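The values are calculated or read from the model by the stated rules, or taken from the named source; none is laboratory data. Keep in mind that this is a model prediction, so the values were computed, not measured. For neighbour counting, all protein chains shown are included, and Cβ atoms are generated from backbone atoms with ideal geometry for every residue, glycine included. Areas reflect the complete protein model, heavy atoms only, side chains present, ligands, DNA and RNA absent. Shrake-Rupley method; radii C 1.70, N 1.55, O 1.52, S 1.80 Å.
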Amino acid sequence: MNMRPDISAAEPLATVSAPIMSERRVSLIGGLMVAIGPISLALFTPAMPEIVQAFGTTEAAVKMTLSLYFGGFAFAQLVCGPLSDGFGRRPITLVFMAIYLAASVLALVAPNIETLIAARFLQGVGSAVGVSVSRAVVRDVFTSERSARIMNMIGILLALGPAIAPTLGGLTMEFFGWHAIFVVMVLLGIVVMLVTIFALRETVTRDLSRIRPAALARSYGSVLRSPYFVLCSLVIAGTSGAIYTQATVLAFILMDRVGLTATQFGVGMLMQTANFMAGALIMRKLMPRYGAARMVPVGLFFVAVGSIAMAIVLRAYEPTFLRVMVPVGIYAFGIAMVMPAMMTAALAPFPGNAGAASAMMGFFQMGAGMVGGAASAWMGDPINALATVIPLMGLTAILSWLTWRRLPQPTLMTRLK
């Protein structure tokens, strides 16, 4: 039975009568909101080896600051997404960004690794609102090809933040110390709150019935009962989730094993982001001609090439910068071609509870980073972890897509082609 209606023509069931924001405005606001989570992650990574020394702790303990960040990010989305369906996108964004801001201050003054781990967990909780609300706003206002274009633009803007963040984090640490990194996060939190207050328009009508326990259970139940949604989310988890997993190991490989300084590491990470941006720009150029859906297998081809290269090269040779980052860059190039269609497809059947659907998709995405990061920490050797965990995530994405494409295709995907 085909449970997917003609969603390309569906109207957002929960939209308000306020003037609709333009594609550019939604793209810029959405890109900023989505980026705060990855930026907060990427800013921190150059400081990880230094923090091991500063607190006299272990690599495993410092990696916990990332694993619990992912955990807070993943599980908080299950709360902030539905809350934004009930209370509205703007007030929930402000509440969770206040949590992020307080956590950033706590991290700045943390006297020990335990406090820092707790602060990073709370940062993950607060920054989770950016992903779930921004995608829900896109679904509130736009559908079909326009939604895919915005998702693509958000992806480009998302790439700009992490592109600059490791370099900024490395320079900040070398000139002002690792504590100053959290000053930057405090400023970032203030900027997002100001944008929410002065630029983001409300896109849903306040309806507290959506956050009743029974309503939440129905919302998440309808999402998780859809193999269409689950398979789309697994493709997203296996691709973009790999970027978050890599963040837990690349600093230790490139700084401790290859010998880069914090600044060199930050600049070197531009290779990953430059490849992602190249893929996103090519995707934006080709999408009007070929459609977003037809670019997904092309992207997964590059994910497969990057996965195979990691699995073979890192086991056969001693790591160098290029031996590590070329496969990582190829993988990132492919991700940019996968995300727009799969994000749009995952959210399209749920116009009435886009916040819950976006939250669950984000849970899959960040949950993959949490599981991948935990598996990498458990394996110990960061090179072996990179050569094993990331290829397995790529395989998961490819198999999920191959299964998904066998399902009856709705009108949405026809129009995206």
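What are the residue pairs meeting all of these: first residue in the range 19-38, first residue in contact (Cβ under 8 Å) with a residue 24 or more places away in the chain, second residue in a helix (DSSP H, G or I) and among the basic types (Lys, Arg), Cβ atoms under 7 Å, and 6 or more apart or on different chains?
Here the result reads Glu23/Arg146; Glu23/Arg149, each pair linking the range 19-38 to a residue that is in a helix (DSSP H, G or I) and among the basic types (Lys, Arg).
If a residue must be within 17 Å of Val34 (Cα to Cα), assigned to a helix (DSSP H, G or I) and either of a type in the set (Val, Ile, Thr) or open to solvent by less than 50 Å² (accessible area, probe 1.4 Å) (or both), how many such residues does the range 186-210 contain?
Total meeting the criteria: 10.
Any chance you could count how many residues in the range 368-387 are open to solvent by 10 Å² or more (accessible area, probe 1.4 Å) and under 21 Å from the mean Cα position of the chain (by Cα)?
Of the residues in the range 368-387, 6 are open to solvent by 10 Å² or more (accessible area, probe 1.4 Å) and under 21 Å from the mean Cα position of the chain (by Cα).
Does Ser40 qualify as being of a type in the set (S, T, N, Q), closer than 26 Å to Leu254 by Cα, modelled with pLDDT of 85 or more and in a helix (DSSP H, G or I)?
yes
Looking at the range 86-116 only, could you name the residues that are hydrophobic (A, V, I, L, M, F, W, C), open to solvent by less than 30 Å² (accessible area, probe 1.4 Å) and closer than 22 Å to Val52 by Cβ?
Ala103, Ala107, Ala110, Ile113, Leu116, listed by residue number.
Starting from the range 301-330, keep only residues that are charged (D, E, K, R), then list their pairs with residues that are at pLDDT below 95 and surrounded by 19 or more Cβ atoms within 10 Å (Cβ to Cβ) whose Cβ atoms are within a distance under 6 Å, requiring at least 6 positions of separation or different chains.
Sorted first by the residue in the range 301-330, then by its partner, the pairs are Arg315/Ala387.
Considering only the range 33-55, I want to know if a residue exists there that is within 18 Å of the chain's Cα centre (by Cα) and surrounded by fewer than 21 Cβ atoms within 10 Å (Cβ to Cβ).
no
Only one of these is surrounded by 22 or more Cβ atoms within 10 Å (Cβ to Cβ) and among the aliphatic types (A, V, I, L, M): Val267, Val313, Val235, Val298. Name it.
Val235
Pick from the range 326-375 the residues that are in contact with a Lys or Arg (Cβ under 9 Å, 6 or more places away or on another chain) and polar (S, T, N, Q): which of them is modelled with the lowest pLDDT?
Across the range 326-375, the extreme among qualifying residues is Asn353.
Which of the residues belonging to the range 44-98 are in a helix (DSSP H, G or I), over 30 Å from Arg257 (Cβ atoms) and in contact with an Asp or Glu (Cβ under 8 Å, 6 or more places away or on another chain)?
Listed by number, the residues that qualify are Asp85, Gly86, Arg89, Arg90.
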